[in-house]
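The values are calculated or read from the model by the stated rules, or taken from the named source; none is laboratory data. Note that the coordinates shown come from a computational prediction; the quantities given were computed from them, not determined experimentally. Here the Cβ is made from the backbone with ideal geometry for all residues, glycine too, and neighbour counts use every protein chain on show.
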Amino acid sequence: MKSIPFTTDDLVLKLGVSRVSVRKYLKKFMKDIGVLDVQIHYGTVGRPVSQHKLKQDHVQFIEHY
């Protein structure tokens, strides 16, 4: 299975959950247990966008959820 990069806003639109909740979960849980790679992309204006990608070799940590 290929991992597709996603942003917080992508999940907000799909799940209907608040941006703060998604960010908290991604940062405090998924990133801390090593399941996600995070890259920050800086545009010419506005805030930077964090792009997340699932680490394929760590999927077993979340499969039972």
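Here is a yes/no grid of residues against (1) over 11 Å from the mean Cα position of the chain (by Cα); (2) of a type in the set (Val, Ile, Thr); (3) closer than 21 Å to Glu63 by Cα:
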position: Ile4; (1), (2), (3): no, yes, yes
position: Asp9; (1), (2), (3): no, no, no
position: Lys14; (1), (2), (3): yes, no, yes
position: Lys24; (1), (2), (3): no, no, yes
position: Lys27; (1), (2), (3): no, no, yes
position: Gly34; (1), (2), (3): yes, no, yes
position: Asp37; (1), (2), (3): no, no, yes
position: Gly43; (1), (2), (3): yes, no, no
position: Arg47; (1), (2), (3): yes, no, no
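Among the residues that make up region 33-41, is at least one of them in a helix (DSSP H, G or I) and in contact (Cβ under 8 Å) with a residue 12 or more places away in the chain? No, region 33-41 has no match at all. Look at region 1-20: where a residue is touching a residue at least 40 places away in the same chain (Cβ under 8 Å) and a partner is among the β-branched types (Val, Ile, Thr), sitting 6+ places away or on another chain with Cβ atoms under 6 Å, you get Thr7/Val49; Thr8/Val22.
When residues in region 42-65 are screened for being assigned to a loop (DSSP other than H, G, I, E, B) and polar (S, T, N, Q), 1 of them pass. The residues of region 33-63 that are within 18 Å of Thr7 (Cβ to Cβ) and β-branched (Val, Ile, Thr), listed by number, are Val35, Val38, Ile40, Thr44, Val45, Val49. In this structure, does Gly34 turn out to be small (Gly, Ala, Ser), modelled with pLDDT under 90 and loosely packed, with under 14 Cβ neighbours inside 10 Å? Yes; evaluated as a whole, the condition is true for this residue.
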